[in-house]
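Read the figures in this text as sums done on the coordinates, not as results from a lab. Small disclaimer: the values here were computed from a predicted structure and weren't measured. Backbone-built Cβ (ideal geometry, glycine too); neighbour counts: all protein chains shown.
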Protein chains: 2
Amino acid sequence: MKTDNPDKISELLRKKGEKVTPARMAILEVLSDCSCLLSVAEIYDRLREQNIKMNYSTVYRNLEVLCRNKITEKIAFPDGAKFKLFDEGKHTHHLICKSCHRTEILSYCPFEDVKKIIKSNTNFLPLEHKLEIYGYCEKCQKK
Amino acid sequence: MKTDNPDKISELLRKKGEKVTPARMAILEVLSDCSCLLSVAEIYDRLREQNIKMNYSTVYRNLEVLCRNKITEKIAFPDGAKFKLFDEGKHTHHLICKSCHRTEILSYCPFEDVKKIIKSNTNFLPLEHKLEIYGYCEKCQKK
DNA sequence: CTGGCTGCAAAGACTTTGCAAGGCT
DNA sequence: AGCCTTGCAAAGTCTTTGCAGCCAG
């Protein structure tokens, strides 16, 4: 994620016909600097830490625009929705700590053929999938 | 799910030291009669359809008690949390329709060995997992 | 009986919306 | 310049809580 540079991101916005604003760039930078998924509140807090004062409604509205344009992605978790940069073509596989709720991204997918199995066994047409692994992260295991 | 009878359910409650009340039995019956997962509003509506007038707060409070006792289970979805009877020892694998949001339960798990792979490749301790397949259900494919 | 459960109403948390002012292209 | 975006405040939605009365054990 860290490899995304601001120019690439701003071009993405322009291409989709959305304006490139400081607010959007700041939100994308926060998500880009983070290896885990962030809630709206966490994004808001990290912006403030960087002395970027942004209204909550602006954060919400921009995340809506970014998700609509598949630049970011909203994912539901037991403790609320979280956001990350959109993984083009990739699946959403996560490691979720049951203690601190930190959510890491698992870049590993062993399940491509599962869709085929479902297709042949049910009447459901599978398109995307999402795998979440719950357990304890390194830090919380030590406690 | 349909096989669960009321006596079994009420004994489960008693065993956990929770009172067996009409409200709890009614909620459990709604979930038991359903092959998919239900939101709080859907549970409330189905109760009303059966002429059972129950306060929203009672639905919330009882779902909290039932989930705490692992009799029901709360699962986060993009369009909000949903509930189902707890699958003892089973995983949570779902087929979620991108059109009508109906959520079916998939009783098939090809991934038991995935945990082992994660254990050997990361510092995360995997305990439970959840797989969601998004696509179109039979009805919505026809539209 | 007695403590937990229920309904009601109100508060709380999170998210969305309307409007005027400001900024991007 | 024109339209989209922003901040602010207010409204909406979903969920939780306090309290008085009720019910299961």
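Using the structure shown, list the pairs from A:Lys53/A:Lys84; A:Lys84/A:Lys130; A:Lys15/A:Lys53; A:Lys82/A:Lys130 with a Cα-Cα distance above 24 Å, or answer none.
Details: A:Lys53/A:Lys84 21 Å; A:Lys84/A:Lys130 14 Å; A:Lys15/A:Lys53 27 Å; A:Lys82/A:Lys130 14 Å.
Pairs exceeding the cut-off: A:Lys15/A:Lys53.
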Legend entry - Length added when fully stretched, B:Ser120-B:Val20, from 0.36 nm per residue minus Cα-Cα: 31.5 nm
Inset, instruction - Tell me which residues come under 5 Å, amide H to amide H, from A:His93 once H is placed; ignore anything under 5 positions away on its chain. - result: A:Leu106, A:Leu131
Legend entry - Partner lysines for A:Lys143 [C-alpha distance under 17 Å; skip if fewer than 8 residues away on the same chain]: A:Lys98
Inset, instruction - Report, by chain and number, residues whose modeled amide H sits under 5 Å from the one on A:Tyr134, excluding near sequence neighbours (fewer than 5 apart, same chain). - result: A:Ile96, B:Leu127, B:Glu128, B:His129, B:Lys130
Legend entry - Inter-probe distance in nm under a simple model that places probes 7 Å from Cα toward Cβ, at A:Glu11 and A:Ser57: 3.5
Inset, instruction - Can you give me the P(r) profile for segment A:1-88? Cα pairs, bins 5 angstrom wide beginning at 0, each as a whole percent. - result: 3, 14, 29, 27, 19, 6, 1
Legend entry - From phi via Karplus (6.51, -1.76, 1.60), per-residue ³J(HN,Hα) for segment A:55-63 in Hz, x at Gly/Pro: 5, 4, 5, 5, 4, 4, 5, 6, 5
Inset, instruction - Sort shortest first the distances from B:Asn51 to its counterpart in every other copy, using label points 7 Å along the Cα-to-beta-carbon line, and give them in nm. - result: 6.9
